[in-house]
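First comes the structure, then the notes that go with it.
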Amino acid sequence: MKKIEAIIQPFKLEEVKEALKAVGIDGMTITEVRGHGRQKGHKEVYRGQEYNVDLLPKVKIELVVPSARAEEVIKTLSGAARTGNIGDGKIFIYDVAEAIRIRNEDRGESAL
Amino acid sequence: MKSAQSAGDNAWMLVSAALVLMMTGPGLALFYGGLVRKKNILGTMMQSFALMGLVTVLWAICGYSLAFGEGSSFVGDLRYLFLNGVGAAPNGDYAGTIPQQTFMVYQLMFAIITPALITGAYAERMRFSGMLLFTTLWMFLVYFPMAHMVWGKGGFLNAFLGGKVPCFDFAGGTVVHITSGVSALVCAIYLGKREGYPNEQMKPHSLTLSFVGACLLWVGWFGFNAGSALAASSLATSAFVATHFGAAAGALGWILAERIQGHKMSVLGGISGAVAGLVAITPASGFVKPFPALFIGAAAGFVCYTMVVKVKQKFGYDDSLDAFGVHGIGGTLGALLTGVFATNAVNDALKNAAGQPAALGLVDGNGMQVVNQLTGCAIAAGLAVVGSLIALKISDVIIGVRLDGKEEQTGLDVSMHGEEGYNFES
């Protein structure tokens, strides 16, 4: 099993969700996060007081899929989240040792 | 006919009184509340709200009497102690067509908002109990005497009721805005900067709230200025128009100044400019024509922008929400320009020896009036400095005026009131 962790632009969330649903991925966890990579922030001015805002709002998506499906899901996700501009985000992949469904203690891929 | 006029005047004055109260709560509370960090929202709103209670009680006991009892040139007497004799009968010296009780409660609303304006200078760092004691002392040392001098019968600066130096202040440029603005600067310097200022991020937590508050201030200001005609008269209409024009030009003046400085035209700039324009037009509103009102508003937008953005940063004092920059400077500018643009074509209440309407300002050929206005400003500012320092020192010794570091870090809401403004988890 692979865990896919994607940090994307907040306004792309709906598109990504729809695209994943279309390939049969329903389960995911969403967190509102702030951060930046190479993307520079922006400047805000309040009554002459300047603030550099470099931690920008992003959305983090976490989902775990069978290893065989990982590549397809990554392609779907990155395709839907891409605008081609700096600040589109990143995807990280991890190996997952085990998955357990709390309701009935199913284990492995059947718990996904 | 007479009773119809009384009914009409009284109706307008009661509405005006309510409008002026609305300026403090929720107007000013929202305006200031949005400008602070979110850990201080309730504490900031509570400062304004608590004064609606505190000042009302002081006013009832002896404040009204000290402001509007005849007394001396500098402060009233105690003839209206506990509002004795303040009832349905009009007081012909002030407003002959409305119950004196209406006049009393209308003037009370001014007494409430004036110290509430100061809260913008000591925002996010003043102890609640210390602030209550400070304000109590301040009302006696600064507000009651100043209101008496400008508006009370026989007051030193009262142009219409026997003052030695006739100063024109229609709705409170000196009494409200210079006293509060200069006191604000004294408070900001006495209390010192907020921890972390100016290096830490102290962005306004909700300009949305500030926007709503500023618009409520704009509307409430019609009661403040047009109500100061003390009747539903054509003078009230004239003041209403001047007020609106001042606000509009102030908003445009400020964002234009931003543009010229190479910044974006901001929402905070727009609403700050509107308030600056309203402040500056306040003393002038019942004396000037519509186009001078536009000029006064625009000038206030420019000048207050410069004070807040350039001068404050140069000197480095932490007038957190710019009570001095907007009210102190805008009030002074407005008071001086009143001396320039006041005309008997708008307000003919003042008569000369021949019984004709007297020349009012520079435009009427009375250049001396600018000097009189300057005197009024200087007295208001001097009284504010001395009175505020005494009030702060006494409050500091007895209770303490500044939060300790941990309380300030926690924020007013939790450390002073044991509550939070935003509980999104619950």
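All of the numbers you see were taken from the coordinates with simple rules; none came from a lab. Note that the structure is a prediction, hence the values are computed from the model and not measured. We place every Cβ from the backbone using ideal geometry, glycine too, and count neighbours over all the protein chains shown.
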Check your understanding: For B:ASP77 and B:ALA50, what is the calculated FRET efficiency with R₀ set at 25 Å and r taken between the beta-carbons, to the nearest 0.05?
Key -> 0.30
Exercise for review: Tell me the label-point distance for the pair B:ALA378, B:VAL397, using the 7 Å Cα-to-Cβ offset, in nm and rounded to one decimal.
Suggested key: 3.1 nm
Study note, to complete from the structure: Restricting to Cα pairs under 8 Å and 6 or more apart, the percent relative contact order of chain B works out to 22 percent
Revision key, fill the gap. By Cβ neighbour count within 10 Å, fewest first, B:LYS393, B:LYS314 rank B:LYS314, B:LYS393
Review point. Helix-derived [θ] at 222 nm for the protein assembly as shown: sum -39500 (n - 2.57) over DSSP H runs of at least 4, divide by residue count, nearest 500?
Key: -15500 deg cm²/dmol
**Study point:** Per-residue Cβ neighbour rank within 10 angstrom, fewest leading, B:VAL175, A:VAL73, B:VAL219, B:VAL371
**Key:** B:VAL371, B:VAL219, A:VAL73, B:VAL175
Exercise for review: Measure nothing but the geometry: give the 0 to 90° angle between the long axis through the Cα atoms of A:13-22 and the longest principal axis through the Cα atoms of chain A, rounded to 10°.
Suggested key: 20 degrees
Practice item. Set the Förster radius R0 to 51 Å, insert the Cβ-Cβ distance between B:SER3 and B:LYS406 as r into 1/(1 + (r/R0)^6), and round the FRET efficiency to 0.05. Key: 0.25
Review point. Rounded if a/c is under 1.5, else prolate if a/b beats b/c, else oblate: with a ≥ b ≥ c from the C-alpha gyration tensor eigenvalues square-rooted, which is segment B:144-300?
Key: oblate
Review point. Which residue, B:HIS205, B:HIS177, B:HIS263, has the most motion in a Gaussian network model of chain B that connects Cα atoms within less than 10 Å?
Key: B:HIS263
**Study point:** Choice from B:THR338, B:THR119, B:THR208 with maximal GNM fluctuation in chain B (Cα, 10 Å cutoff)
**Key:** B:THR208
Check your understanding: For segment B:81-150, what's the relative contact order in percent, using C-alpha pairs closer than 8 Å and at least 6 residues apart?
Key -> 18 percent
Review point. So how tilted is helix B:329-341 from the main axis of chain B? Cα-based, degrees 0 to 90, rounded to 10.
Key: 20 degrees
Practice item. Can you tell me the relative contact order of chain A? Whole percent, Cα pairs under 8 Å, sequence separation 6 or more. Key: 42 percent
Practice item. Multiply the residue gap between B:ALA88 and B:VAL371 by 0.36 nm, knock off their C-alpha separation, and tell me the result in nm, one decimal place. Key: 98.0 nm
Study note, to complete from the structure: Partner shielding of B:256-269, as the mean number of partner chain Cβ atoms within 10 Å, equals 2
**Study point:** Burial order of peptide ranges B:412-423, B:294-305 (average beta-carbon count within 10 Å, highest first)
**Key:** B:294-305, B:412-423
Study note, to complete from the structure: For A:GLU15 and A:GLU62, extending 7 Å from Cα along the Cα-Cβ vector and measuring point to point gives, in nm, a value of 2.6 nm
Exercise for review: Find how many whole Å separate the alpha carbon centroid of segment B:350-366 from the alpha carbon centroid of segment B:289-316.
Suggested key: 29 Å
Point to revise | With Cα atoms, 0 to 90° folded angle of helix B:267-284 axis to chain B main axis | key: 30 degrees
**Study point:** Lys/Arg +1, Asp/Glu -1 at C-beta; the protein assembly as shown dipole; positive extreme among A:PRO66, B:GLN5, B:GLN201
**Key:** B:GLN201
Review point. Among B:ASN352, B:TYR106, B:LEU81, whose Cα sits farthest toward the positive end of the charge dipole of chain B (+1 at Cβ of Lys/Arg, -1 at Cβ of Asp/Glu, about the Cα centre)?
Key: B:ASN352
Check your understanding: To the nearest 20 debye, what is the magnitude of the charge dipole of chain A about its Cα centre, counting +1 on the Cβ of each Lys and Arg and -1 on the Cβ of each Asp and Glu?
Key -> 320 debye
**Study point:** Gaussian network model of chain B, springs between alpha carbon atoms under 10 Å - residue of B:PRO357, B:PRO26, B:PRO290 with greatest fluctuation
**Key:** B:PRO357
Practice item. Take the alpha carbon gyration tensor of segment B:250-399, find the square roots of its eigenvalues, order them as a ≥ b ≥ c, and report rounded if a/c is under 1.5; if not, report prolate when a/b exceeds b/c, else oblate. Key: oblate
Exercise for review: Please work out the FRET efficiency for the pair A:GLN39 and B:PHE315, using the Cβ-Cβ distance as r and a Förster radius of 35 Å; give the result to the nearest 0.05.
Suggested key: 0.45
Practice item. For a quick protection proxy, order the peptides B:381-392, A:30-41 by their average other-Cβ count within 10 Å, most packed first. Key: B:381-392, A:30-41
Check your understanding: Dipole of segment B:2-417, Cα-centred, from +1 at each Lys and Arg C-beta and -1 at each Asp and Glu C-beta, to the nearest 20 debye?
Key -> 460 debye
Study note, to complete from the structure: Simple spin-label estimate for B:SER129/B:ILE390, 7 Å along Cα→Cβ, in nm, reads 2.5 nm
Review point. With +1 on each Lys and Arg Cβ and -1 on each Asp and Glu Cβ, how big is the dipole of the protein assembly as shown about its Cα centre, in debye rounded to the nearest 20?
Key: 740 debye
Check your understanding: Is segment B:1-64 best put as rounded, prolate or oblate by its Cα gyration tensor, with a ≥ b ≥ c the root eigenvalues, rounded for a/c under 1.5, and otherwise prolate when a/b is larger than b/c, oblate when not?
Key -> oblate
Check your understanding: Per residue of A:45-54, how many C-beta atoms from partner chains lie within 10 Å of its own C-beta, taken as a mean?
Key -> 6
